[in-house]
Amino acid sequence: MVLTPDFDSRPIISFQHVWKTYPTGTEALRDINLVVPEGDFLFLVGPSGAGKSTLVRLLIREEKPTKGKIFVEGIELGRMKRRQLPHYRRKVGLVFQDFKLLPNLTIYENVAFALRVLGEPDDLVQSRVADALDTVGLSGKELTYPANLSGGEQQRVAIARALVHAPRFIIADEPTGNLDPATAWEIMQLFLRINARGATVVMATHNREIVDLLRRRVVAIDAGQIARDDRSGRYHDEVTKPQIRAQ
Amino acid sequence: MMKLRNLKFALNSAWQSFWRNLAVSLAAVLSITLILILAGVNLLVGHAFSQVVDGFRLKVSEISINVADGTPLQAIYDFQDQLKADPRVASVKFITKEQALLDFQADPNNAVFAQQIDGNPLDAKLEVRVFELKDVAAIDLLGRRWAGVDPTDPTNYQGDFVNRMLELSSWLGLAGILLMAILVVVSVVIVMNTIRTAVYHRRKEIEVMKLVGATEWFVRGPFVIEGIMTGLIAAAIALSLLVIAYQPAVERFHSDLVFIPLSYDPTFISSLARDLLIGGALLGALGSYIGVRRYVRI
């Protein structure tokens, strides 16, 4: 099932004339204007160094914009106080290329970790972790350690951890970057299912085949600017931007 | 309930981190132990010195004002009343010439000399004890100006000695405070560095905690507990070593320097234990608090 995002509804994410210049003088983003409605599935594409990761870092408030405003669910991230940050991050599910699993914890403990830091009671942790592992198809592997799993399975654990506190939206930075095509496709199916349940997904990717196959919203970033924003796009814009290539 | 779960998590993490970075943890414990031993020795020496000073203080806070022969008894009583009314004076005791002689003869150290004296060469005297050592000089002056004082030997006040004792006492106190301050700074730096290493070892875990929405103090808490744990373990080791060494050290010192009235004081051990354990915990907490504020930001 595919949910069609309502582009007229209140946006869950909104970038308004956002600029980001690092202290070294590197201009990573220039005048970004972007609206993501609730339930959207958005691919951020572009060559390495184009500004995708900076955009993701701004979204999880690891960085603040130099100019402009970013609103998430009506809250301006730049004005958010440090003590409010954890509460904001609990609404977001994060998935990275390198999985970011803790090697000394079992699969169960890795997923439960996201709830333990919130001080959730044991019974709730148990049921939520079981649900999340079931969603990603890893029931029965609770006691396994990450080192004993394949790359795809490790990414599933990371997704389960991102889902376990039922976030409103998921930010994924190159989630299939370390995976073979078949596994990458399985992981994408998982993201589609999560999106179908109502979660908004913003995914930075270099995976051309998947972007072209899914034909979802594509925002192409080039040299820190939005080069293209297609509601049902492809990795490359054959007409105007054939120079954007996956690295 | 949630706080209790967080505390349990923090205690577990701190314990695990302590063992996981055992080499660094042990190096920190040993360094803090050495520092706390120095601090403990400082406290013990301070206590011993104050025992000695107190002994001297008791002796020198009493002066004798010698009464000239032939002073009317009423004049002595009047002066005794005047002294008793002085707020600086704790007590005044009148010793008659006869009593002074009896006291002199009763002292076994004077046995040979007492047999040789003829008549009573001793003065009657007023033994005055003051509350504060610093007031002895003023009372001495009062005695010397009194009309009934023996002009050849007015009092037994040793001004220089008392002043030197007071000066030495305040200098030693100052040196003790300075040493403690240096030790505090050194231990805080050691704990900070231990925490920095622990933060480095657990950077992945910290990153994940940050990403899943852990609060800043949820992330920092285990490090502060680890710091307190390091301080407490070091304090316990330092205390054990000091308790074992205290009595033999005092006995050795006493046998070498008999004239200094230093004694083993078992009651001081409980206050030493309290000071070292609280001190160790506070040093650990302070070092790790500064450390996490510097190295753990979300």
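The values are calculated or read from the model by the stated rules, or taken from the named source; none is laboratory data. None of the values given here were measured: they were computed from a predicted structure. Don't worry about glycine lacking a Cβ; one is built from the backbone with ideal geometry, like all the others, and counts go over all protein chains shown. For the accessible areas, the whole protein counts, side chains as well, though only heavy atoms, and no ligand, DNA or RNA atoms are used. Shrake-Rupley method; radii C 1.70, N 1.55, O 1.52, S 1.80 Å.
Structural remarks
- On the principal axes of its alpha-carbon atoms, segment B:62-131 has extents of 41, 27, 12 Å, going from largest to smallest.
- Shielding by partners - mean other protein chain Cβ count within 10 Å, residues of B:214-223: 3
- Along its three principal directions, the equivalent ellipsoid of the protein assembly as shown from the Cα gyration tensor extends over semi-axes of 84, 25, 18 Å, largest first.
- Charges were assigned to the Cβ only: +1 to each Lys and Arg, -1 to each Asp and Glu. The resulting dipole of the protein assembly as shown about its Cα centre is roughly 3180 debye.
- For B:K210, the aspartates and glutamates whose Cα falls under 14 Å of its own Cα, not counting residues fewer than eight places away in the same chain, are A:E62, A:E63.
- When only Cα pairs below 8 angstrom with a gap of at least 6 residues are kept, chain B shows a relative contact order of 29 percent.
- Projecting label points 7 angstrom from Cα along Cα→Cβ for A:N178 and B:R129 puts them 8.0 nm apart.
- Label point distance in nm, A:R208-B:R203, each placed 7 Å from Cα along Cα→Cβ: 3.5 nm
- Take every pair of alpha-carbon atoms less than 8 Å apart whose residues are at least six positions apart; their mean separation over the length of chain A yields a relative contact order of 27 percent.
- In the protein assembly as shown, the portion of solvent-accessible area held by carbon and sulfur atoms comes to 58 percent [1.4 Å probe, whole percent, DNA, RNA and ligands not counted].
- The C-alpha atoms of chain A define a longest principal axis, and helix A:151-163 lies at about 90 degrees to it.
- At 0.890 mPa s and 25 °C, Stokes diffusion of segment B:1-112 via Kirkwood alpha-carbon radius, µm² per second: 115 µm²/s
- Label point at B:V189 placed 7 Å out along Cα→Cβ; residues across segment B:266-298 whose backbone nitrogen lies under 15 Å: B:287, B:291
- One decimal place: the segment B:S263-B:E167 gains 32.3 nm when fully extended, by the rule 0.36 nm per residue minus the C-alpha distance.
- Rolling a 1.4 Å probe over the protein heavy atoms gives segment B:62-131 an accessible area of 60 Å² per residue.
- Near-label residues of segment B:24-56 by backbone N, under 16 Å of a point 7 Å along Cα→Cβ of B:V250: B:40-55
- When +1 charges are put on Lys and Arg Cβ atoms and -1 charges on Asp and Glu Cβ atoms, the dipole computed for chain A relative to its Cα centre reaches about 840 debye.
- Degrees, to the nearest 10: B:267-295 long Cα axis against longest axis of chain B: 40 degrees
- Taking only the C-alpha atoms of segment B:68-189, the Rg (one decimal) and the largest Cα-Cα distance, Dmax (whole number), read 21.0, 73 Å.
- Contact order normalised by residue count of segment B:62-131, Cα under 8 Å, 6+ apart, percent: 54 percent
- Segment B:242-298: projected area of the alpha-carbon convex hull, averaged over directions, in nm²: 5.6 nm²
- Solvent-accessible heavy-atom area per residue, rounded to whole Å², over chain A at 1.4 Å: 44 Å²
- Taking all pairs of distinct alpha-carbon atoms in chain A, Kirkwood radius in angstrom: 18.6 Å
- Calculated P(r) tail over 36 Å for chain B, as whole % of Cα pairs: 46 percent
- Modelled label positions at B:L30 and B:R293, each set 7 Å beyond Cα in the direction of Cβ, lie 3.1 nm from each other.
- Solvent-accessible ranking of B:V184, B:V112, largest area first, probe 1.4 Å: B:V112, B:V184
- Residues in segment B:1-35 that, when all protein chains are in place, have 40 Å² or more less accessible area than the chain alone would give (probe 1.4 Å): B:R5, B:F9
- Each peptide in A:163-170, B:99-106, B:143-150 gets a packing score, the mean of other Cβ atoms within 10 Å over its residues, and the list from highest to lowest is A:163-170, B:143-150, B:99-106.
- Over all other residues within a Cβ to Cβ distance under 15 Å of A:G140, the charged ones net out to -2, with Lys and Arg as +1 and Asp and Glu as -1.
- Interface burial in segment A:112-126, defined as at least 20 Å² less accessible area with all protein chains than with the chain alone at a 1.4 Å probe, covers A:F113, A:R116, A:V117, A:L118, A:G119, A:P121.
- Positive-end ranking of B:L126, B:V89, B:T71 along the dipole of segment B:62-131, with charges on Cβ about the Cα centre, is headed by B:V89.
- Modelled FRET efficiency - R0 22 Å, A:L105 with A:Q189, Cβ distances, 0.05 increments: 0.25
- For B:T215, A:T54, the ranking by accessible surface with the largest value first comes to B:T215, A:T54, using a 1.4 Å probe.
- Relative counts (whole %) of C-alpha pair distances in segment B:142-291, using bins that are 5 Å wide: 2, 8, 10, 11, 12, 11, 9, 8, 7, 6, 5, 4, 3, 2, 1, 1, 1, 0
- When B:S169, B:S255, B:S25 are compared by accessible area at a 1.4 angstrom probe, the order from most to least is B:S255, B:S169, B:S25.
- In this view, the solvent-accessible surface of B:K93, computed with a 1.4 Å probe and all protein chains in place, comes to about 120 Å².
- Helix A:181-196 and the longest principal axis of the C-alpha atoms of chain A enclose an angle of approximately 90°.
- A straight line joining the Cα centroids of segment A:9-77 and segment B:100-165 runs 91 Å.
- Summed buried accessible surface, chains A and B, 1.4 Å probe, nearest 100 Å²: 2000 Å²
- Segment B:62-131, dipole about Cα centre (Lys/Arg Cβ +1, Asp/Glu Cβ -1), debye to the nearest 20: 220 debye
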